[in-house]
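The values are calculated or read from the model by the stated rules, or taken from the named source; none is laboratory data. Please read all numbers here as calculations on a predicted model, not as lab measurements. Heads up, the Cβs are rebuilt from the backbone with ideal geometry, glycines too, and the neighbour counts pull from every protein chain shown.
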Amino acid sequence: MTRYYLIFGLQSLPLHELIYMKNIWQQLKDSKTQFFVLAPMDDVTDTVFRQIVKRHSPADIMMTEFANTDGWCSAGKQAIYSRLRHIEDERPLIAQIWGANPEHYEIMSRDIVELGFDGIDINMGCPIKDVVKTGACSALIENHDLAAEIIQATKRGSGGNIPVSVKTRIGYNKIDTENWCSFLLSQGIDALTVHGRTKKDMSKVPANWDEIAKAVKLRDDISPQTVVIGNGDVLTIQQGIDRAKESGVDGVMIGRGIFQNFFVFAESQKDTDLDEMLAILKEHTSLHQQLLQGNRFEPLKKFIKMYVHGFKNAGTVRANLMDAKSHSELLDKIDKYIKSV
Ligand SMILES: Cc1cc2nc3c(=O)[nH]c(=O)nc-3n(C[C@H](O)[C@H](O)[C@H](O)COP(=O)(O)O)c2cc1C
């Protein structure tokens with residue numbers, strides 16, 4: 001068989017493989033009964049946390065915190081860049097972006113391709129008041145024309161090099177899955193993450209997986225090639241497997257579940273001990289100190305709670321660690337505990 005090779009940069013692939021190369025979402029769908037995604041979480045899933053998760057509790061794919069397209073196209077670009085900072089080892093990694101100006105999406109998407117991400121995700125779900133009043137995120141659920149422009153602009157920016165996906169909710173003030181998800185699925189997106197709550201629900205009611213299952217059926221009818229990910233209230237892999245079976249989603253996204261069980265994505269679930277969790281907190285603190293110099297210390301404290309809970313005396317240890325005023329003070333305190341246990 002004649003094989004034609006094209007050589008682009010680092011890759012040398014047969015022509016037919018290049019033409020039919022599957023995007024990361026399709027690869028994951030084809031390789032697993034259901035795949036698992038670490039949810040994008042503002043002020044949580046930065047490069048430091050993602051690196052720690054990848055080492056100890058790897059999800060199949062991760063997303064960045066949401067990064068603003070208007071900020072990217074302004075003098076404040078450097079601040080936005082810190083949200084897209086990553087290393088090769090975090091891949092597959094999706095950059096999540098938000099905003100209300102299609103032109104800025106196109107520009108930022110072009111840059112995201114250059115930065116080596118595996119995909120671009122558009123946030124059409126964030127319900128926070130200050131964000132919604134800019135016309136972005138969940139406000140787009142009520143503005144299909146702008147949502148369509150944004151998707152098309154992002155696709156132009158990505159140039160077909162990496163997939164474009166959307167993460168959204170099942171409605172604005174009321175459930176609107178049929179209308180909203182049908183619309184999104186007619187826009188040629190590569191993946192759709194459905195968080196089973198409306199904007200109005202915030203996080204106050206249980207996630208509605210029946211509506212997520214509805215989105216899967218719409219996908220089957222409207223856009224069979226789009227990969228669908230379900231999201232909301234999944235705390236364990238087993239729950240995720242059950243949810244995927246019941247709803248038909250291809251993948252399951254877990255957010256707050258990792259606060260309760262840091263090892264939620266780990267292959268074998270094990271009992272953790274204080275020593276091990278302190279060692280991971282130490283790793284996280286050192287990496288934060290090293291990589292995100294200039295970043296304030298205080299935001300790091302939320303991770304103390306995430307790593308140090310559920311043990312005998314965890315409350316006392318935590319209270320002591322929370323008293324630290326700097327990276328080095330926290331590292332000293334951790335060392336003292338590690339030596340004493
Ligand atoms: C602290 C925090 C920050 C979040 N930031 C983002 C974000 O930047 N982008 C986004 O799409 N969703 C964000 N979310 C929503 C989560 O990605 C997810 O949709 C939500 O928590 C429901 O999933 P869960 O029940 O597994 O946590 C955030 C959630 C939390 C708790």
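If you check ARG83, ARG110 for being more than 15 Å from the ligand (Cβ to nearest atom) and in a helix (DSSP H, G or I), only one passes: ARG110.
Could we say that ASP42 is within 13 Å of the ligand (Cβ to nearest atom) and buried (at least 24 other Cβ atoms within 10 Å of the Cβ) here? So ASP42 does not fit the description; no.
Scanning segment 241-268 for residues that are touching a helix residue (DSSP H, G or I) at 6+ places or on another chain (Cβ under 8 Å) and not in a helix (DSSP H, G or I) returns GLY248, VAL249, ASP250, GLY251, VAL252, ILE254, PHE262, PHE263, VAL264, PHE265, ALA266.
Annotation note: Cβ proximity below 6 Å between a residue of segment 92-107 that is part of a helix (DSSP H, G or I) and a residue that is within 14 Å of the ligand (Cβ to nearest atom) and of a type outside the set (A, V, I, L, M, F, W, C) (sequence gap 6+ or interchain) occurs for HIS104/THR69; TYR105/THR69. Being modelled with pLDDT of 95 or more, more than 12 Å from the ligand (Cβ to nearest atom), assigned to a loop (DSSP other than H, G, I, E, B) and surrounded by 22 or more Cβ atoms within 10 Å (Cβ to Cβ), is that true of even one residue in segment 181-192? Scanning segment 181-192, I find at least one residue that is modelled with pLDDT of 95 or more, more than 12 Å from the ligand (Cβ to nearest atom), assigned to a loop (DSSP other than H, G, I, E, B) and surrounded by 22 or more Cβ atoms within 10 Å (Cβ to Cβ), so the answer is yes. Filtering segment 255-285 to residues that are away from the ligand (no atom under 16 Å from the Cβ), at pLDDT below 95 and not hydrophobic (A, V, I, L, M, F, W, C) leaves GLU267, SER268, GLN269, LYS270, ASP271, THR272, ASP273, ASP275, GLU276.
Does THR177 count as among the polar types (S, T, N, Q) and within 12 Å of the ligand (Cβ to nearest atom)? So THR177 does not fit the description; no.
Restricting ASN101, ASN173, ASN161 to residues that are at pLDDT 95 or above and under 22 Å from LYS77 (Cα atoms) narrows the list to ASN101.
Yes/no per residue for (1) under 20 Å from the mean Cα position of the chain (by Cα); (2) in the same structural domain as ILE120 (by TED's automatic domain parsing); (3) away from the ligand (no atom under 14 Å from the Cβ); (4) among the aliphatic types (A, V, I, L, M):
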position	(1), (2), (3), (4)
THR198	yes, yes, no, no
ARG219	no, yes, yes, no
VAL234	yes, yes, no, yes
GLN239	yes, yes, no, no
ARG243	yes, yes, no, no
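When we screen SER82, SER109 for residues that are at pLDDT below 95 and more than 19 Å from PHE183 (Cα to Cα), the only hit is SER82. The set of residues from segment 145-169 being hydroxyl-bearing (Ser, Thr, Tyr) and either in a loop (DSSP other than H, G, I, E, B) or touching a Phe, Trp or Tyr at 6+ places or on another chain (Cβ under 9 Å) (or both) comprises THR154, SER165, THR168. The condition (being under 24 Å from GLY230 (Cα atoms), assigned to a helix (DSSP H, G or I) and assigned by TED's automatic domain parsing to the domain that holds GLY255) is satisfied by just one residue among ASP30, ASP70: ASP30. Across segment 257-272, the number of residues qualifying as out of contact with any Pro (no Cβ under 8 Å at 6 or more places or on another chain) and in contact (Cβ under 8 Å) with a residue 60 or more places away in the chain comes to 4. A Cβ distance below 9 Å, combined with a sequence gap of six or more or placement on separate chains, defines the contacts here; from segment 120-133, residues that are assigned by TED's automatic domain parsing to the domain that holds ILE162 and free of Cβ contacts under 8 Å to residues at least 12 places away in the same chain reach residues that are surrounded by 20 or more Cβ atoms within 10 Å (Cβ to Cβ) and not polar (S, T, N, Q) in the pairs ILE128/CYS137; LYS133/ALA139.
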